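First the structure, in the form of structure tokens, and then the observations on it.
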Amino acid sequence: MSRPLFNADLRAQLLAAPYTGPQLWMDRAVLRDRVLRFRRALPAVYPHFAVKCNPDPQVLQCLHEAGAGFEIASPDELKLMLELGVPAAELYYSNPVKSREAIAQAVVAGVQWYVVDCVEELHKVHALYPQASFYLRLHTDNQGSQVALSGKFGAGEVEAEAVLQAALACGADLAGITFHAGSQCCRVENWLSGIAAAKQWFQRMLERGLTPRLLNLGGGFPAEYDSVVPSIETLGQAIHDALQGMPASVRIMAEPGRYLVAEAGGLLCQVIGTTRRGGQRWVYLDVGVFNGLLESITGFSYAIDASREGPRAAWTMAGPTCDSMDICAEAQPLPVTLQEGDRLWVHTAGAYSNACASRFNGFPLLPVRLIG
């Protein structure tokens, strides 16, 4: 694999040291490397980290220092950015449906750019801030992605034309196009079709007297979990070629999330129980679906190291809560002799782990520690 590994010495030390509870460890060196690789692979594209992917202030600070911008979706994420010292004018509000209160807070702070994918949202934002600049989210094929994101959001042909007409009617500054290839997308064609559609809509905007100034390539750039995915260099070359002919006046950005943070993170946890049910090995951890491994139920699987060595077998891996949905994997390879008290290291855990964790059933949130 071409990716840099989380600090191997620290990982070994944590697996061997006395246990003090589950923790998410993030490696600053990997965070910096990911921003650098993205910028080298896509030199014409400004990376704006999707804050929802990992909103830990230390992680955001590291990404900020490495040269990443940010995309937000809520008042709390806006607050995090302002506390970090990021000018609101440099933020992009990419949640397609926002409450009036959230919009008002963003306007007061100085956010200029807002995504829309329907006429109602355009009117809502424009009424609160007539000087706002808008980018239209188009529906895009999500085939080849781990999690499809085109069901809840994205304007089709009819809806997009209606937004364009509404912008012209009310004098709104509709100046951008965006789309989303789907989360953990391994199919470059999704970006290529999105770029092709953006070019067509830019032409329509020009013909109606609007001035395109923004192309947002969205997120979906994949990270390596337990299998090889297209490298950012491979994706970048194809995207670079597709962007040829884009007017110089159009700013091109993207919203990488998991690509920047997933491989920088490792989740340290502990076995709290084992048993056999119907001939199947079961292992229970002090983290699970509700407090760190939510994505395990959306098709993601993780490579896992253990403090115990030896041959491996398939285990059903479950979390600590009393909810039957808290099952992370049904055939996780782990040491055959695994037992209570053993420690596990879950690789590629820096995305949507602490971000999606809750205190359900009374279990604590994951503390985040940084090294490097």
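The values are calculated or read from the model by the stated rules, or taken from the named source; none is laboratory data. Because the structure is predicted, anything quoted here is derived from the model rather than measured. Methodologically, a virtual Cβ is constructed for each residue, glycine included, from the backbone with ideal geometry; neighbour enumeration extends over all protein chains shown. Quick note on the areas: whole protein, heavy atoms, side chains included, nothing else; ligands and nucleic acids left out. Shrake-Rupley method; radii C 1.70, N 1.55, O 1.52, S 1.80 Å.
Report the FRET efficiency, 1/(1 + (r/R0)^6), for A248 and L168, where r is their Cβ-Cβ distance and R0 is 25 Å, rounded to 0.05.
Working from the Cβ atoms, E equals 0.50.
Could you give the length gained on full extension between S358 and Q280, defined as 0.36 nm per residue of separation minus the Cα-Cα distance, in nm?
25.2 nm
Please give, to one decimal in nm, the separation of the simple spin-label points placed at Q200 and E101, each 7 Å out from Cα toward the Cβ.
Roughly 4.1 nm, to one decimal.
Could you give the size of the charge dipole of the chain about its Cα centre, using +1 on the Cβ of each K and R and -1 on the Cβ of each D and E, expressed in debye and rounded to the nearest 20?
So the dipole magnitude of the chain works out to roughly 280 debye.
Using the heavy atoms of the protein chains alone and a 1.4 angstrom probe, what is the accessible area of segment 6-132 per residue in square angstrom?
Heavy-atom SASA per residue in segment 6-132 reads 42 Å².
Once both labels are modelled 7 Å past Cα along the beta-carbon direction, what's the Q339-Y19 spacing in nm?
Each label point lies 7 Å from its Cα, and together they span 1.3 nm.
With +1 on the Cβ of every Lys and Arg and -1 on the Cβ of every Asp and Glu, and nothing else charged, how large is the dipole of segment 292-350 about its Cα centre, in debye rounded to the nearest 20?
160 debye
Using Cα-Cα distances under 8 Å and only pairs 6 or more residues apart, what relative contact order does segment 212-269 have, in percent?
Answer for segment 212-269 is 60 percent.
Separation between the A12 and I297 pseudo-spin-labels, each 7 Å from Cα along Cα→Cβ, expressed in nm?
3.7 nm
Could you look at segment 28-260 and say what percent of its accessible area is carbon and sulfur, using a 1.4 Å probe and all protein chains?
53 percent
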